[in-house]
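Okay, structure first, notes after.
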Amino acid sequence: MASTSAYSYLHKSPQDVLNDIDFQLTLEPALLTKLTKAFLEEINVGLGRYGEDMAMVPSFVTGVPDGSETGTFLALDLGGTNLRVCEVVLNGDKTFRLRQQKYKVSDQLKTGEATVLFDYLADSVDAFLTTHPPESPLSPDAEVPDVLPLGLTFSFPVEQTALGSGTILTWTKGFSAKNAIGNDVVKLLQDAFDRKHMHVKCVALVNDTVGALLSRAYTSGGCILGAIFGTGTNGAYLEEVAKIPKLANNPAAAKGGYMVVNTEWGAFNNKRTQLPFTPFDSVLDRTSINPRFQAFEKFISGMYLGEITRHVLLSLIDAAPRPMLFGGKATKVVNEQWGLDTSVMSEVEEAWETRVVEEKEKVIKEVDPNGTEPRSFPGEIGENPNLWDGDDHDILPRWDILSTPEGLAQLSLKVKGKLERVRKVLVSRLEYADGDVSLRDAAIVRWACHLVARRAALLSGVAVAAILLQTGRAGFVQDVHSDSSLNTPNDVPKVNGANGIHVTDSVTNGTSKNAAKEEFEEKIGVGVDGSLIQFYPHFERTMRESLRSIVGADVERRVEIGLAKDGSGVGAALCALQALKQEP
Ligand code: ADP
Ligand code: MG
């Protein structure tokens with residue numbers, strides 16, 4: 001796939017080209033706040049009407065578990081890279097037992113006939129039951145004991161009409177199976193079970209975000225938001241039914257209370273009026289199978305970050321009049337659409353970071369076995385301490401220094417060591433010949449990965465901040481100046497009642513200081529899942545940086561981000577349990 005964003009820098013220096021890219025991919029704090037405001041608007045538009053970009057899907061789950069739930073359930077998880085079948089045993093003491101098997105979903109299945117895809121799902125459950133016959137008696141609540149209750153985690157936009165039914169709105173994440181959109185996904189699956197005469201009944205339909213929220217609530221005793229940062233990105237949170245006007249005549253509206261809402265935030269700003277698009281984002285979008293959809297997701301999630309980075313690299317490989325990267329050479333990995341996986345970026349960033357600490361510790365141990373005397377690592381302070389060090393605020397590669405033997409000779413040993421490790425990762429993961437990758441190339445690729453991933457993590461913070469604001473748990477930090485730094489962790493937030501929400505102001509509310517303090521110290525549980533947040537170096541740290549700049553350090557500090565372990569399986573089980581309880 002050819003790049004359409006190659007740089008021509010006839011009237012610029014190579015350094016200017018790098019500066020340009022750096023500028024385009026860097027987000028200012030003021031933009032984060034502006035995006036959060038737009039996000040809140042879309043949340044409320046989606047709660048008000050059906051058919052909006054951000055679908056704000058009511059899940060018909062009306063509360064979150066507390067860890068005391070029990071039972072055995074099957075769970076099927078379709079939503080991205082893998083298909084999983086599991087058996088979940090809820091022990092009722094915040095713990096669970098889970099047996100699972102993963103199955104591959106081929107591109108052919110993803111894009112073929114829906115019935116073929118759903119037959120494959122049924123076959124996978126059948127295969128699982130053959131290899132993992134149920135150990136414990138199935139849910140005591142099941143009315144027909146020889147039918148196994150199953151919860152389906154289906155991580156695509158669905159307009160849910162009840163706990164056990166919902167219409168597929170659109171495919172995302174590389175799926176496009178025919179004759180599925182507009183149909184009830186539970187019925188599609190149940191029909192496949194019935195065609196095979198299997199004794200399995202799909203009783204609940206659950207989005208993976210809802211699953212993450214429920215499972216985190218089950219294991220930790222409380223949670224307000226479940227968020228996914230994996231192949232795609234999305235979040236579900238606990239909303240007041242009174243704030244979901246579109247439920248209007250649904251019996252659920254009359255009951256009041258709370259309901260879990262699946263935001264489908266991947267579609268935030270599909271109108272493209274606010275998000276900071278670059279040519280790299282536009283080429284990715286145009287060549288994706290769902291152009292103009294999932295605008296927000298395409299900035300953030302694992303499926304796309306590698307591809308954005310690939311376009312940045314290609315623009316430099318193809319730069320004219322002279323290539324600026326890899327001597328103009330492109331490998332198959334770099335040439336092919338989706339060729340560069342986001343995990344390569346993780347590896348590049350890890351290569352920069354790790355082992356330095358170990359090496360440093362080793363040297364300190366050798367010199368000072370008791371480790372008492374603070375000392376610097378040889379080479380940590382280079383011949384010129386003001387020279388480019390590639391860390392934190394100095395990661396933009398310095399073309400002059402990295403392009404000449406004299407420049408390179410001035411770099412500290414530490415920096416050279418890091419660059420060499422990155423270089424090795426590029427040789428192996430991008431499949432270059434050793435001689436084709438220079439230390440300058442290493443510095444450029446690592447910088448590009450960092451920019452793309454940092455932008456993703458900051459935007460992820462926008463989504464989390466918007467939910468904190470929507471649920472009255474935070475206010476905007478006042479007076480955001482465009483020059484305020486993202487790196488001031490100790491700024492005291494002054495909160496105001498944003499979005500009609502009353503927010504206690506701990507700074508001015510002197511009379512009830514203790515009560516206010518208590519409220520301010522209460523933890524805000526957020527359950528997360530997905531390879532990106534689990535494995536990408538510093539993803540959570542950067543997301544928190546974003547939260548601080550939008551809602552302030554006091555609120556950010558209280559946000560407890562925890563892994564929703566096996567969220568889709570346990571969440572589906574918890575939903576199936578709720579469905580059985582609701583059965584007339
Ligand atoms: P899913 O979202 O399908 O349930 P995951 O949460 O495992 O699955 O996310 C898969 C996505 O995460 C893929 O797009 C992949 O590129 C990306 N990924 C896998 N490993 C890593 C890693 N170590 N660091 C960052 N991203 C990763
Ligand atoms: Mg997942």
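FYI, it's all coordinate maths here, none of it is from the lab. Bear in mind that the values here come from a model prediction, so they are computed numbers and not experimental data. Glycine gets a Cβ as well: all are built from the backbone with ideal geometry, and neighbour counts include every protein chain shown.
So for the range 215-267, what are the equivalent ellipsoid semi-axes in whole Å, largest first, each being the square root of 5 times an eigenvalue of the Cα gyration tensor?
Values: eigenvalues 109, 51, 9 Å².
One finds semi-axes of 23, 16, 7 Å for the range 215-267.
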- Give, in nm to one decimal, the length gained when the segment between D93 and K271 is fully stretched (0.36 nm per residue of separation minus the Cα-Cα distance). 59.5 nm
- What FRET efficiency do you get for A6 and D191 if R0 is 45 Å and r is their Cβ-Cβ distance, rounded to the nearest 0.05? 0.35
- Taking R0 as 56 Å, what's the FRET efficiency between D22 and N179 from their Cβ-Cβ distance, rounded to 0.05? 0.75
- Around N262, with a cut-off of 12 angstrom between Cβ atoms, what is the net charge of the other residues, counting Lys and Arg +1 and Asp and Glu -1? -4
- Task: Would you please state the base-10 log of I(q)/I(0) at q = 0.22 1/Å for the range 1-135, with intensities from the Debye formula using one equal scatterer on every alpha carbon?
- Result: -1.20
- Item | Descending semi-axes in Å of the range 60-206, equivalent ellipsoid built from Cα gyration tensor | 25, 17, 14
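Give, in nm to one decimal, the length gained when the segment between T130 and S343 is fully stretched (0.36 nm per residue of separation minus the Cα-Cα distance).
Details: separation 213, 0.36 × 213 = 76.68 nm, distance 3.37 nm.
Full extension from T130 to S343 adds 73.3 nm.
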- Entries of K110/K329; K110/K196; K173/K201; K37/K581; K332/K418 with Cα pairs more than 31 Å apart: K110/K329; K37/K581
- Message: P(r) for the range 224-312, please, calculated from all Cα pair distances in 5 Å bins and given in %.
- Response: 3, 13, 20, 17, 13, 11, 10, 7, 4, 2, 0
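Using only Cα atoms, what is the ratio of the radius of gyration of the range 386-451 to 2.2 N^0.38 Å?
Numbers: Rg = 11.2 Å, N = 66, 2.2 N^0.38 = 10.8 Å.
Relative to the rule-of-thumb radius for its length, the range 386-451 sits at 1.04.
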- DSSP-defined beta bridges in the range 60-206 - what % are antiparallel, rounded to 5: 65 percent
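Divide the volume of the convex hull of the Cα atoms of the range 30-110 by its number of residues and quote the answer in cubic angstrom per residue. Numbers along the way, then the final one.
Numbers: hull volume 15.4 nm³, N = 81.
That works out to 190 Å³ per residue.
Can you tell me the length gained on complete extension of the stretch V147 to H393, counting 0.36 nm per residue apart and subtracting the Cα distance? Before the final figure, lay out each step's value.
Values: separation 246, 0.36 × 246 = 88.56 nm, distance 5.92 nm.
Contour length minus Cα-Cα distance gives 82.6 nm.
Need one number: convex hull volume per residue for the range 147-277, Cα atoms only, in Å³.
On the way: hull volume 21.2 nm³, N = 131.
Per residue, the Cα convex hull of the range 147-277 comes to 162 Å³.
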